[in-house]
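Scroll down for the structure; my scribbles are underneath it.
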Amino acid sequence: MKDYKRFLKYQSKQIVFYSEKNGFYKYFKDVIEVILKKTDIVIHYITSDPNDEVFKLASDQFQVYYIGENKLITLMMKMDADIVCMTMPDLQKYHIKRSMVRDDIQYIYIDHGIGSQNLLLRPHALDYFDTVFCSNDITYAENKAQERVYGIKERNLVKYGFCLIDDMIQEYDSKEHRENDVPTILIAPSWSEDNIADLCIDEILAGVLGKGYKVIFRPHPQYVRHCEEKLLALKDKYSS
């Protein structure tokens, strides 16, 4: 409640970022760091995770707030800012609405993946955003086609790229490379319905375990969130 009141009390907010949980900061990181470095704009960062590591980055220019999902509904309706950025789609379609006190807020969607939005998002998931940051030419073309086919308003489509991959490339290039002593296999499935963690992870592991490989199983964070019992069972089964 304290952060809720503090956020509403702050006047003349220019830009707000909303994060659903810990770990989403990396999708905003490069944008935020450029703003902090090159301007004196105060950034307001809302997270619905009380344990979000982003609180460690808080400063006078980077204000961080914890707003639970229930309070978030009314906060968004009372939103008074020039720009609101989020990775969460379906604005206006469900519980998270555009502001009821200002109709000139620029809502920006920043994708947290590089896959086809037609395949990964619900139909019309981005209709109520004013600007969509497109991670590649495919998502740009998809959004243009949606405007034409569905007759929705023309949005500002920005060929933005994907800063997380840029950061990964930069980090990789900065490190010394060496060949692993033991060949390593990384299994990193998605969390969509019928993903390989549900369909055939046992068959995959049976084909590689005990055959001279180091095997890393890296489930999607959302899979960890929604299927904790399955993962604990898998961990127990292969504990040896």
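The values are calculated or read from the model by the stated rules, or taken from the named source; none is laboratory data. The model shown is predicted, which means the values in this text are computed figures rather than measured ones. Virtual Cβ from ideal backbone geometry, glycine too; neighbours counted across all protein chains shown. Heavy atoms of the whole protein, side chains included, go into the accessibility calculation; ligands, DNA and RNA do not. Shrake-Rupley method; radii C 1.70, N 1.55, O 1.52, S 1.80 Å.
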> In this structure, is M79 open to solvent by less than 60 Å² (accessible area, probe 1.4 Å), over 20 Å from the mean Cα position of the chain (by Cα) and either closer than 30 Å to N118 by Cβ or of a type in the set (V, I, T) (or both)?
Replying inline: yes
> Of the residues that make up the stretch 96-104, is at least one without any contact (Cβ under 8 Å) to a residue 24 or more places away in the chain, touching a helix residue (DSSP H, G or I) at 6+ places or on another chain (Cβ under 6 Å) and open to solvent by 70 Å² or more (accessible area, probe 1.4 Å)?
Replying inline: yes
>> Quick check on E53: is it modelled with pLDDT of 95 or more, within 16 Å of the chain's Cα centre (by Cα) and open to solvent by 60 Å² or more (accessible area, probe 1.4 Å)?
In response: yes
> From the residues in the stretch 105-115 that are out of contact with any helix residue (DSSP H, G or I) (no Cβ under 6 Å at 6 or more places or on another chain) and in a loop (DSSP other than H, G, I, E, B), which one is most open to solvent (accessible area, probe 1.4 Å)?
Replying inline: I114
> For the stretch 145-165, which residues satisfy the criterion of being outside any helix (DSSP H, G or I), open to solvent by less than 40 Å² (accessible area, probe 1.4 Å) and modelled with pLDDT under 95?
Replying inline: I152, G161, F162
> How many residues does the stretch 56-76 contain that are buried (at least 16 other Cβ atoms within 10 Å of the Cβ) and assigned to a loop (DSSP other than H, G, I, E, B)?
Replying inline: 1
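Residue by residue, here is whether (1) open to solvent by less than 60 Å² (accessible area, probe 1.4 Å); (2) among the basic types (K, R); (3) more than 29 Å from the chain's Cα centre (by Cα) holds:
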residue	(1), (2), (3)
L186	no, no, no
G212	yes, no, yes
Q222	yes, no, no
D236	no, no, yes
> Among V54, V16, V34, V84, which is under 24 Å from F133 (Cα atoms), touching a strand residue (DSSP E or B) at 6+ places or on another chain (Cβ under 8 Å) and without any contact (Cβ under 8 Å) to a residue 40 or more places away in the chain?
Replying inline: V54
> Limited to the stretch 131-144, what total is found for residues that are open to solvent by less than 30 Å² (accessible area, probe 1.4 Å), farther than 10 Å from Q117 by Cβ and among the aliphatic types (A, V, I, L, M)?
Replying inline: 0
>> Can you tell me which condition D198 does not meet? The list is (1) within 29 Å of V31 (Cα to Cα); (2) in contact with a helix residue (DSSP H, G or I) (Cβ under 8 Å, 6 or more places away or on another chain); (3) acidic (D, E), and all the others hold.
In response: (1)
> So, in the stretch 1-25, of the ones that are surrounded by 13 or more Cβ atoms within 10 Å (Cβ to Cβ) and among the basic types (K, R), which residue ends up modelled with the lowest pLDDT?
Replying inline: K21
> Condition test on Y140, is it in a helix (DSSP H, G or I), out of contact with any helix residue (DSSP H, G or I) (no Cβ under 9 Å at 6 or more places or on another chain) and hydroxyl-bearing (S, T, Y)?
Replying inline: yes
